[in-house]
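**Student:** The structure under discussion is supplied below as structure tokens; questions concerning it will follow.
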């Protein structure tokens, strides 16, 4: 009955690989078109969600979102409703369910960082450990505990403010022979892991993106 509904007789349902390739082609064409328009909203989105000057991560995010909403009875309507969920100022944001969920994830990430630093401190305090590094680790722990407290008690905005002040001091000098070399290397490795988590955690990036987006929204409302 293809002729009755004016359907091309060559029509068929594409397999998963074909559909994926078509989606990639469409998303690339879409982004190229948006770049051509050079609108601030799109360029701001690229800046917030792209890595290393590439927009692949944002393209993948759009495709995942598109795939997710297909499970909804009315995908476009559902998406528009979710957009309205984010139409709030910074103060309203603090009490939103997704902000609380993000803060909970941030607290878990920070606790993992604290555990790494606690392990490093324990190595510093061993008789043959690099005691000279102890003050550095204690300062790191002080900052992480302050960040954890802000996430648990003060909210997303305060947590972001504390995060911006974080800085890791240069390790104190521990001369050869003052401590076991393997322990020195282990402390350095644990500290580097902690630093990597602090500055690369996806939860922290999400917090920064939320703050930037809400700041823009709040500014627009006030103007």
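**Student:** Taking 7 Å along the Cα-to-C-beta vector as the label spot, tell me the residue 173-residue 188 distance in nanometres, rounded to one decimal.
**Tutor:** 1.6 nm
**Student:** Moving to a separate point now. Can you tell me how much longer the chain between residue 42 and residue 72 gets when fully stretched, taken as 0.36 nm per residue apart minus their C-alpha distance, in nm with one decimal?
**Tutor:** 8.3 nm
**Student:** Could you please rank 27, 110, placing first whichever residue has the fewest other Cβ atoms within 10 Å of its Cβ?
**Tutor:** Exposure proxy ranking, most exposed first: 27, 110.
**Student:** Between residue 131 and residue 164, how high is the FRET efficiency from 1/(1 + (r/R0)^6) when r is the Cβ-Cβ distance and R₀ = 30 Å? Nearest 0.05.
**Tutor:** In this case the efficiency is close to 0.45.
**Student:** Could you work out the Rg to Rh ratio of the stretch 8-159, with Rh taken as the Kirkwood radius (inverse of the mean 1/r over all Cα pairs)?
**Tutor:** Ratio of gyration radius to Kirkwood radius for the stretch 8-159: 1.15.
**Student:** Would you mind ranking 119, 109 so that the residue whose beta carbon has the fewest other beta carbons within 10 Å leads the list?
**Tutor:** Going from sparsest to densest Cβ surroundings: 119, 109.
**Student:** If you rank 197, 66 by fewest surrounding Cβ atoms within 10 Å, what's the result?
**Tutor:** 66, 197
**Student:** From zero outward in steps of 10 Å, how is the percent of C-alpha pairs of the stretch 16-85 spread across the bins?
**Tutor:** The calculated distribution, bin by bin, is 17, 44, 35, 4.
Readers should treat all values here as calculations from the given coordinates under stated rules, not as data from a laboratory. It should be emphasised that the depicted structure is a prediction, and the values quoted were computed from it without experimental measurement. Neighbour counts run over all protein chains shown; Cβ positions are idealised from the backbone, glycine included.
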